[in-house]
Structures are given as structure tokens and as C-alpha cells.
1. Kindly indicate whether any position in the range 414-421 is in the same structural domain as residue 88 (by TED's automatic domain parsing), outside any loop (DSSP other than H, G, I, E, B), modelled with pLDDT of 95 or more and within 15 Å of residue 336 (Cα to Cα).
2. Restricted to the range 625-642, and to residues that are in contact with a strand residue (DSSP E or B) (Cβ under 6 Å, 6 or more places away or on another chain) and part of a loop (DSSP other than H, G, I, E, B), which residue is modelled with the highest pLDDT?
3. Could you please let me know if residue 349 is under 21 Å from the mean Cα position of the chain (by Cα), closer than 24 Å to residue 484 by Cβ and in the same structural domain as residue 196 (by TED's automatic domain parsing)?
4. Answer yes or no: is there a residue in the range 160-172 that is more than 19 Å from the chain's Cα centre (by Cα) and not in a strand (DSSP E or B).
5. Residue check: is residue 666 in a loop (DSSP other than H, G, I, E, B), in the same structural domain as residue 611 (by TED's automatic domain parsing), within 37 Å of the chain's Cα centre (by Cα) and surrounded by fewer than 20 Cβ atoms within 10 Å (Cβ to Cβ)?
6. Please go through the range 252-278 and pick out each residue that is touching a residue at least 24 places away in the same chain (Cβ under 8 Å), within 19 Å of residue 515 (Cβ to Cβ) and over 30 Å from the mean Cα position of the chain (by Cα).
7. Hey, can you tell me all the residues within the range 710-735 that are more than 18 Å from residue 176 (Cβ to Cβ) and buried (at least 19 other Cβ atoms within 10 Å of the Cβ)?
8. Filter the range 675-709 down to the residues that are surrounded by fewer than 20 Cβ atoms within 10 Å (Cβ to Cβ) and not in a strand (DSSP E or B), then identify the one that is nearest to the chain's Cα centre (by Cα).
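The values are calculated or read from the model by the stated rules, or taken from the named source; none is laboratory data. If you're wondering where the values come from, they're calculated on a predicted model, not measured in any experiment. Please note: Cβ atoms are built from the backbone with ideal geometry, for glycine as well, and neighbour counts cover all protein chains shown.
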């Protein structure tokens, strides 16, 4: 017969005459190191103690003392693009990730996933014989494909990882996360009451994956991509870590930022000639603020600090676990942030971020009444602009922007065998697309020209390996462009041109600034008027890089991108009619029926015995959402609007046996009216004073309440005890005004989940 597999032996009529042959399994060699890439979310340049802050990060600082700190390392301004670049070694537009994976614009630069023509480092290393693990935040597949219905082709296991444990969306509740294990959804292994926190769970799973491999195949190196949900909003940490910082930031962001800046100068992280950038527009002087403003802002920063401190301890647990099995010295660690500190908390900060997305600007005087909830399971908090800029010390602006505050982040590399001056600094300019080429350079790997039948686009990054033993060698990375939602910048040999774009403004009207970063790292001295020829040269170079890297067409849309929800091949039916048949896994918010900000009707077909209760449909969390359930033989609707519950109980009992029960939700402007229905009979009503356009980043569940309970009328998932046959939802078409309002809210929420 024809032999399809490779075979170099000899086959004769009998075994005695034949020669067996075994193919040699791919192995990177006995000296190949393990590789750990740790990514922290929304963390600014100065947030680590070893980069200037007063937040306690001793385990991270120890890695810095045993490795090197990069002071001129850059990323993209938001989450998904940085991750796409980090895992492929290419620029983010090239691989189809112009913005976050929630969008697909119909152009090659924004498909919501990494192009198959750009193999991930996990795909390449797995084929070289590495065990490959991804743990934590993914946010690299189209979110409409992130349900149990798939398709799964852009989930972690399909992009090179042997094992995965984490969450697929841009953010999740740290106490009640939406978890995926490999290719299926799972519940957290324990409750908040038992001490659950996502960061601890991620480290538990990382250690388990490593032990599984090293216990049985100690010769086989591993690649671990560990992407924390921390320190992205919601800023949530165990109480002891929040209380540890009580009162530590009462002096305010002006004093702290000045202190962190001086710490950076003392450490050599920042040059003495670098000025501390002035406060960004909208950041008030601390001394001029009201007492409630200060109290709220300080408490929000305490929650962030506790969150980072807790994350630092989890990193230490991973390091200790590697040391216990004597693998730490043969492991290369890369530790970085995905972008600068976040501006999504607004000028005051927010106790519940979803209020901001619904156009509700909660003032400190209003929020102060729930201040003790900040950082715990009853809040979804984010700090104000002043603390975000402090985190980006000494720079201007924030995440989303292409100024240094959005793209200049810490990077620590630890590799004991090849870094001869531990604790030292590296000042060469480098970019996140340089990490993969560095890994390939270390391992002596040539990335494939073709992978699984796909021609591979060239690597655009530059190996940083030369910097490990050459602190003073000039940077080999001479040019790097930046672009995000119309914000643009170009770096070239120490110079930078940058523009901050206002959505809707013609791109030709953008005001370009010019900085000599080699002398002015914080972009304080705009040389555009003094050196127009240099500025013109850099702008021309930006357009050249944009053409070569697939940046075009320029696109500043966010709101409009949700208009494609009902296009062909979308999981959303064009007639807006959804039919759910339990049992079902929980659905990500972008997959479920979009009931926020519009009229809709839900009908559940059930069969129940007397005294059979439970949830029929729920979406959101204890902080915001809605739930439809049966309790005490009555149909109940609970609309949880940021802790304010509008509840309707049916005036009649739900029949024993088969019946149809449901809810009619009618939006009228910004308010609504709910009518309960049992077998088409109206049997209860409640007015909704505020209709939420966006409820939560946690999506719906059918037949139970996934995560933290939406209603305070029950305390757990309250699964329905009868037979739930179907849940059908019919969305009404929105008016033009409602559609714009709803899309705007969704876009703000999506961008904040980067």
C-alpha cells in the first residue's frame, strides 16, 4: 500500500526481514529555556515600585533586580492590538487588529482576530516541541464568536496553545468572572465567601499546567502567556489589600506624581532633563477640589493600589512555584503592560463604570454614600483622570492616545544565564512587536514562510537580544508608527510627530506636534513651529509606514461599528427573534440578544410542579442587570439599575403544568414600562424610571443566574427546578434616536474593555 506518513525503515513479508523506524519527535534541545510572558492590563509607566511609585510591588521589583528594566519600551494604545502584536511580532494593522476585537469593519486591518497569515508565537513554538499555555485575558477573537456556538477557530487552543484557562472578553468581574477552560465555559472553583479572586485562580491554574508538564515530561520546555485581568477596571481586590492603603493617597495626585517623578530620576528611570508634564486638561489641582471629591478619588486609588499589590503577590507565587521545581533559573521572564493607565474613569472616577456608559455622570457627592463598597464585589470602580496621569508619570495623556502616556510602559526581562548586570537599565527604543523576534533569536528559530497552508507575512519587529549584554549600544529599532482611532504618531531616531484626533474632525485638520524625545521624553516642548521641515518629513514618513503596514483607510468610527450586528454570518438573526433552548452555557454580552436601550418581549415555555421556582432568564450582575424568575409560585421581574431595584410580582400564580410566561418591556424615551404575562394574560406592571443602554460586561444565562445574583430576592444562581423548554426574545426595531443612543453607549463600553 502507499505509505502516507514519513517512514525510513524497510518493510518485507515478515518482521524478521523488516527494519522498523521511529520518527524523531520535534524537540527544541536540552538547553532550551522556558519562556514566561506576563502581561498586566492598563498599567502606567510609573506604577511598579521599581519604576517610581509608592505602591508595594516587591516581587515584581525583585524580578527587576535580577533582570533589566527597559525605560524606552512602547506598545499600542489599547488592549487587543498590543496582544496581537505581542503574540505575532507584527504590527497590529497588518494582522487585522486595528482596534479591539469587538469590531469588524470589513477591511483587512480590522477583522477582530489575528490573521491566519501571521502565525502566533505559540503556534511556532508548539511545532518546535514546546508545551504552550495561555492563562487569563484573551480578547483576540471576534466577540460575537466567543460563545459556546463558536466558531472556535480564533480561540486560544486554535491559535497554538495546548491549554487555556481565562476569559475571552476585554474585562470581567474579578470575583464573579466568565471563565473558559480550553473550549468550554466553566464556573469558578469556589465562591467569594470562600475567598475566590480571579488573579489567584489564574496562578493556581498556571502552576497546575506547569506541574502537569514538568512532572511527566521534565525535558520539555514550556511557553506560558499569563495575561491578568488586573489592573483593568473593575478595580477589585480582597479587602485586606484595599485596607492596607487606607489613607496612603490622601495628599492627592499632585504630591504623589511629583514624588514618583523624583523617584524615577533617583533610579535613573527618567533623565533629569525630562520635565514632569503639566496636568492634562480636565485634571483639577488637588488643592482646589472639594472634600468629597478628594475622599472619593483617594479611595478609588486605594482600590487600584490594593489590586496591583495583590497581583504582585500572585506573580510571586508563580515565581516560587518555578523555584520549587528548580525551573526558575532556566526560565526567561518578560513582564510588561499592554498600554498606559486608563482614562475611562472620567474626571471624578466612578463607583460603577457602567453608569458612565449610560450617560450618567455620578458626582462625588452622590457616590460618597457607597464609598465603602469600592474595590469589593459590590462595585465596578475606576479611578479618575488625575490618578491615571499619576500612573503615567512623567508623561501626558492616557491609554487610547498615541502620546507617551498611552504607549510608553514598563518592561522587565529576567534571564539569569544571559544578563550579566542584573538590576541595570536599558534605554534603547523598542516596541511590543519586538518581543517575538527576540524569542525566536534566543531559541535560534526561523519563523516559517508558510504555516498550515497560509503564506506568512514578514515579521516587522526587531530582536532585542543584543540589549541583554550591551546596555549602551544604540537602538536597532529606528522607526515605529502608531495609530488608534485616528490618533497618530511616528517615532524615528529619537524624534516623534504626534497628533491627538477628535472623532469626526477631518484628518487633514489634525494638529501635528513635534518632539525630540531623545531630549524631551515627556513631550513638553512642541517644536512644530520652530522646525516645520522636520515635522513635514516625519508626517510623510508616517504616511509611508501607514501604506506599508495596512493602516489605511484611516477610521475613527466606534459608534457606527455596532450597526453591522445583523449582517450575514452574524449570530444575531435579522428578524431580531432569538430562541434559546436550555441547558446552555452563559453567553458573552455581545452574543446575547441586545435588550439594552430598546423595547422587547420575552416568552418562556415551561412545565412545572407546584412550588417549583427559579430563574428563567438573567443578564448582568448584582451591580446592574435584570432577572425574570418564579418565586413563591409568582412570576417576578427585577430590573436592577445600579443597585436600585424596580420589581414586579405577578398578581396571579404561575399554573402547575405547561404554560407560557414572560415580560413585555416598552421603552418610551429614557423610561420604560414592564408588563408581566402568564398565558398572554397581563398580570403585573412596574415603571422603569431609567432604561439602561448598557447593563454589564457579563452576558445572559438561561435557566439560572450566572455569576453574582442580579436580584437580591435570591442568593445564588437560583436554577429553575422545572422544565424550561424555550426562552424566546423578540426585539423591536429602534427609532433612529434610540439606535444612536444605544450604539454610543455600547461603543463607550467596548472601548473601555480594552
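1. Step one: filter the range 414-421 for residues in the same structural domain as residue 88 (by TED's automatic domain parsing), giving 414-421.
From what is left, the residues that are outside any loop (DSSP other than H, G, I, E, B) are 414.
Keeping just the survivors that are modelled with pLDDT of 95 or more gives 414.
Right, trim to within 15 Å of residue 336 (Cα to Cα) and you get 414.
So far as the range 414-421 goes, yes, one or more of its residues are in the same structural domain as residue 88 (by TED's automatic domain parsing), outside any loop (DSSP other than H, G, I, E, B), modelled with pLDDT of 95 or more and within 15 Å of residue 336 (Cα to Cα).
2. Residues of the range 625-642 that are in contact with a strand residue (DSSP E or B) (Cβ under 6 Å, 6 or more places away or on another chain), as a first pass: 625-629, 633-640, 642.
Okay, now just the ones that are also part of a loop (DSSP other than H, G, I, E, B), so 633, 642.
Working: 633: 96, 642: 90.
So, considering only residues that are in contact with a strand residue (DSSP E or B) (Cβ under 6 Å, 6 or more places away or on another chain) and part of a loop (DSSP other than H, G, I, E, B), the one modelled with the highest pLDDT is 633.
3. Details: under 21 Å from the mean Cα position of the chain (by Cα): yes; closer than 24 Å to residue 484 by Cβ: yes; in the same structural domain as residue 196 (by TED's automatic domain parsing): yes.
So residue 349 fits the description; yes.
4. Yes.
5. On the way: in a loop (DSSP other than H, G, I, E, B): no; in the same structural domain as residue 611 (by TED's automatic domain parsing): yes; within 37 Å of the chain's Cα centre (by Cα): yes; surrounded by fewer than 20 Cβ atoms within 10 Å (Cβ to Cβ): yes.
So residue 666 fails the test.
6. Once the filter is applied, which keeps residues that are touching a residue at least 24 places away in the same chain (Cβ under 8 Å), within 19 Å of residue 515 (Cβ to Cβ) and over 30 Å from the mean Cα position of the chain (by Cα), the range 252-278 yields 271, 273, 274, 275.
7. Hits for the range 710-735 are 720, 722, 724, 727, 729, 731.
8. The extreme case among them is 690.
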